[in-house]
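K.L.:
I have a structure here, written as structure tokens, and I will follow up with some questions on it.
The values are calculated or read from the model by the stated rules, or taken from the named source; none is laboratory data. Keep in mind it's a predicted model, so treat the numbers as computed, not measured. Ideal geometry is used to build each Cβ from the backbone, glycine not excepted, and the neighbour counts take in all protein chains shown. Areas reflect the complete protein model, heavy atoms only, side chains present, ligands, DNA and RNA absent. Shrake-Rupley method; radii C 1.70, N 1.55, O 1.52, S 1.80 Å.
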Amino acid sequence: KILGGNKMLTDVMKEMIEKELAYVSTVSNDGIPNIGPKRSMRLLDEHTLIYNENTGKQTMKNLIDNGKVAVAYADWSKLDGYRFVGKAEVFTEGKYYDEAVEWAKGKMGAPKAAVVIHIEEIYTLRSGSTAGDKIS
């Protein structure tokens with residue numbers, strides 16, 4: 001239903017990705033965690049997220065070093081949310097970067113990179129007994 005062979009996201013997940021602020025969590029090669037909001041996070045396709053990396057600091061360094069990433073979304077009013085875990089690729093040129101630059105026009109400055117996140121696992125963050133359970 002959610003992440004079968006074609007890794008489909010539900011409409012509820014897509015709506016949350018569109019409306020809520022994403023928090024991106026990374027880890028350094030030394031195991032030091034990092035987390036920060038990414039207001040440009042958006043859906044690239046049915047199994048991939050993309051965002052504009054504008055600061056180019058610790059998050060970007062961690063992603064270049066090891067690609068490990070988790071993205072959390074929460075809807076406080078519904079006590080619901082999702083954690084998307086996967087592998088990230090950082091692009092400073094080419095198709096994804098060019099598209100990110102175009103997307104940013106009129107919204108924010110040109111990005112230092114475009115980050116593509118390939119979703120491998122999804123967990124629920126819904127309040128209650130299933131909080132943190134792997135959905136797929």
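K.L.:
For segment 88-100, which positions are in a helix (DSSP H, G or I) and open to solvent by 40 Å² or more (accessible area, probe 1.4 Å)?
P.N.:
K95, Y96, Y97, D98, E99
K.L.:
Across segment 110-127, which residue is nearest to the chain's Cα centre (by Cα) among those that are open to solvent by 50 Å² or more (accessible area, probe 1.4 Å) and small (G, A, S)?
P.N.:
A110
K.L.:
Any residue at all in segment 35-50 that is among the hydroxyl-bearing types (S, T, Y), open to solvent by 50 Å² or more (accessible area, probe 1.4 Å) and under 25 Å from E102 (Cα atoms)?
P.N.:
no
K.L.:
Given the conditions (1) touching a Pro at 6+ places or on another chain (Cβ under 8 Å); (2) within 22 Å of T124 (Cβ to Cβ), report the number of the one that S40 does not fulfil.
P.N.:
Every listed condition holds for S40 apart from (2).
K.L.:
Collect the residues in segment 9-34 that are surrounded by 12 or more Cβ atoms within 10 Å (Cβ to Cβ) and either at positive phi or aromatic (F, W, Y) (or both), keeping them in residue-number order.
P.N.:
Scanning segment 9-34 gives a single hit, Y23.
K.L.:
Tell me which residues, restricted to segment 55-81, are surrounded by fewer than 20 Cβ atoms within 10 Å (Cβ to Cβ), part of a strand (DSSP E or B) and of a type in the set (A, V, I, L, M, F, W, C).
P.N.:
A70, A72, A74
K.L.:
Would you be able to tell me the number of residues in segment 46-61 that are under 14 Å from the mean Cα position of the chain (by Cα) and at pLDDT 95 or above?
P.N.:
Matching residues across segment 46-61 total 8.
K.L.:
Now for a different question. Out of segment 75-101, which residues are more than 15 Å from H47 (Cβ to Cβ) and among the β-branched types (V, I, T)?
P.N.:
V90, T92, V101 - these are the residues of segment 75-101 that are more than 15 Å from H47 (Cβ to Cβ) and among the β-branched types (V, I, T).
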